[in-house]
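Since the structure comes first, as structure tokens, the remarks are kept for the end.
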Amino acid sequence: MDWFPLDNLLCMLLGISFTVWVTLLLVFIIVPAIFGVSFGIRRLYMKTLLKIFEWATLRMERGAREKNHQLYKPYSNGIIAKEPTSLEEEIQEVRRSASPRDVAADGTPEFDISDILCFCRRGVESIVDDEVTKRFTAEELETWNLLTRSSAHWQHLSLRLTLLWGLGVLVRYGVLLPLRVTLAFTGVGLLVALTTMLGFLPNGRLKNVLSEKVHLMCSRICVRALTAIITYHDSENKPRNGGICVANHTSPIDVIILASDGCYAMVGQVHGGLMGVMQRALVKACPHIWFERSEIKDRHLVAKRLSDHVKDRSKLPILIFPEGTCINNTSVMMFKKGSFEINATVHPVAIKYDPRFGDAFWNSSKYGMVTYLLRMMSSWAIVCSVWYLPPMQRQEDEDAVHFANRVKAAIARQGGLVDLLWDGGLKRGKVKDVFKEEQQKLYSKTLVGNHEDRSRS
């Protein structure tokens, strides 16, 4: 009998804790997400983290100086300093240093053994400083952000830094992670439930308005589940109905980053499991475009469905990531031409994450989706900037490939990213034969060009 008052007290404390927890969620997170307002708590949190990181950097630099060690600095511009020279210039330089003979006695172009040196040098440079495969690994940091996953090069730790790191682990895993998981389940659960209910309404203006409000509210809750701090620039260029929004792709959360500021029609393959449940619920409230696995390879069918969608000005703009895979926040790789073959206005969007607070890049070959989301939710925050670029139209004398490259260059320039021509499919596949053939053709033209120049002279 003496234990009953203690049990009652424990139950009362748990009830009070749960009530306070739910109240804080509603007042400071869910209700502001519904109305799209912010109290500035996340930005104050970001500024505090920056001051802590600066102090930690100073402590590590002092420790490196005391031990006469050089503090690690990543190679931000590559390991090898390369001069922008053409293949023909490189071959001529090698031939001059190796052998003065580059044509046969009868004047026909001839292969010279010294030409191999040029290709060997290029091959070694690509192995040492590969500009493709390093785009599929985590971006290196200038300073340590007190995360164990990014501490490989930072060994000059003092007792204060170790204690600060331990406090950070307690805050991230004991406070932030449970809060973020709760918000994530709340956002996804509301999205599935409300869009399913909206599916019973007849198609019309009321359904469209309610669908947009539900998508915005749930996306903003999911954004808060990551403590995402997003700065949107040039909102007057936001995508309009009847257009196609194309953006560089770093992470699956790119979708909710953009969806928290506007509604889009998604394009993708039909999935099973939880993702399939979400897809079936979403399409009931909004005309998203989902393809079966057998249909996604039919380019004409895909183009027709996209074209039919953009012709209807009442439908939301389509959101597409033309790279087809996630790149590590340092560059933009080749855009697939399919979405640029459609006669529609293209709205480019550049997304750039700040890696100091958490690495948003999803290395799908190393981490599964659940592991990746847990890493995101156990980071300090997700900080990024989004730029809405002016709409672009395909010119009359421009094919889809050149139009895609023009849009990609604009995104890379605005986001401060490296513009690469390589296909992101190299993340899992081998180099296509067409790339090898281009080098062979270039070498042949070099030989034939030298011969033609001598014939004219």
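So, in region 209-232, of the ones that are within 20 Å of Leu177 (Cα to Cα) and assigned to a helix (DSSP H, G or I), which residue ends up most open to solvent (accessible area, probe 1.4 Å)?
Arg220
Check Val418 against each of (1) modelled with pLDDT under 85; (2) in contact with a helix residue (DSSP H, G or I) (Cβ under 9 Å, 6 or more places away or on another chain); (3) open to solvent by less than 80 Å² (accessible area, probe 1.4 Å); (4) not aromatic (Phe, Trp, Tyr) and name the one condition it does not meet.
Among (1) modelled with pLDDT under 85; (2) in contact with a helix residue (DSSP H, G or I) (Cβ under 9 Å, 6 or more places away or on another chain); (3) open to solvent by less than 80 Å² (accessible area, probe 1.4 Å); (4) not aromatic (Phe, Trp, Tyr), the lone unmet condition for Val418 is (1).
Within region 375-399, track down each residue that is open to solvent by less than 10 Å² (accessible area, probe 1.4 Å) and either more than 18 Å from Gly243 (Cα to Cα) or assigned to a loop (DSSP other than H, G, I, E, B) (or both).
Met376, Ser378, Ser379, Ala381, Ile382, Cys384, Val386
Just the residues that are open to solvent by 30 Å² or more (accessible area, probe 1.4 Å) and in a loop (DSSP other than H, G, I, E, B), please, taken from region 233-248.
Selection gives Asp234, Lys238, Arg240, Asn241.
Hey, could you check region 23-45 for residues that are farther than 25 Å from Leu210 by Cα and part of a helix (DSSP H, G or I) and say which is farthest from the chain's Cα centre (by Cα)?
It comes out as Thr23.
Taking Thr195 as meeting all but one of (1) open to solvent by less than 20 Å² (accessible area, probe 1.4 Å); (2) of a type in the set (Ser, Thr, Tyr); (3) within 29 Å of Gln393 (Cβ to Cβ), write down the number of the exception.
Thr195 satisfies all of (1) open to solvent by less than 20 Å² (accessible area, probe 1.4 Å); (2) of a type in the set (Ser, Thr, Tyr); (3) within 29 Å of Gln393 (Cβ to Cβ) except (3).
Test each condition in (1) open to solvent by 30 Å² or more (accessible area, probe 1.4 Å); (2) modelled with pLDDT of 85 or more; (3) not in a loop (DSSP other than H, G, I, E, B) for Val283 and report the one that comes out false.
For Val283, the exception is condition (2).
Out of (1) aliphatic (A, V, I, L, M); (2) farther than 30 Å from Trp144 by Cβ; (3) touching a residue at least 60 places away in the same chain (Cβ under 8 Å); (4) touching a strand residue (DSSP E or B) at 6+ places or on another chain (Cβ under 6 Å), what's the single condition that is false for Met392?
Only one criterion in (1) aliphatic (A, V, I, L, M); (2) farther than 30 Å from Trp144 by Cβ; (3) touching a residue at least 60 places away in the same chain (Cβ under 8 Å); (4) touching a strand residue (DSSP E or B) at 6+ places or on another chain (Cβ under 6 Å) is unmet by Met392, namely (3).
State whether one or more residues within region 178-200 are under 26 Å from Pro390 (Cβ atoms) and touching a residue at least 60 places away in the same chain (Cβ under 8 Å).
The answer is no; no qualifying residue exists.
Checking Leu316 against (1) within 18 Å of the chain's Cα centre (by Cα); (2) within 17 Å of Pro287 (Cβ to Cβ), only one condition comes out false. Which one?
Leu316 satisfies all of (1) within 18 Å of the chain's Cα centre (by Cα); (2) within 17 Å of Pro287 (Cβ to Cβ) except (1).
Could you give me the residue pairs with C-beta distances under 7 Å whose first residue belongs to region 236-251 and is of a type in the set (Gly, Ala, Ser), whose second residue is assigned to a helix (DSSP H, G or I) wherever it lies, and which are 6+ apart or on separate chains?
Gly242/Val310; Gly243/Val310; Ala247/Asp254; Ala247/Leu258
Scan Trp362, Trp290 and give me the residue that is open to solvent by 20 Å² or more (accessible area, probe 1.4 Å) and modelled with pLDDT of 85 or more.
Matching residue, one of Trp362, Trp290: Trp362.
So which of Val407, Val349 is in a strand (DSSP E or B) and surrounded by 21 or more Cβ atoms within 10 Å (Cβ to Cβ)?
Only one candidate qualifies: Val349.
Those residues that are open to solvent by 60 Å² or more (accessible area, probe 1.4 Å), farther than 21 Å from Gly262 by Cβ and of a type in the set (A, V, I, L, M, F, W, C), I need them from region 32-59; list them, please.
Answer for region 32-59, where residues must be open to solvent by 60 Å² or more (accessible area, probe 1.4 Å), farther than 21 Å from Gly262 by Cβ and of a type in the set (A, V, I, L, M, F, W, C): Phe39, Ile41, Leu44, Trp55, Leu58.
The values are calculated or read from the model by the stated rules, or taken from the named source; none is laboratory data. Computed from a predicted structure; not experimentally measured. Quick reminder, even Gly has a Cβ in these numbers, built from the backbone with ideal geometry, and neighbours come from all protein chains shown. Remember, those area values only see protein heavy atoms, side chains included, never the ligands or the DNA or RNA. Shrake-Rupley method; radii C 1.70, N 1.55, O 1.52, S 1.80 Å.
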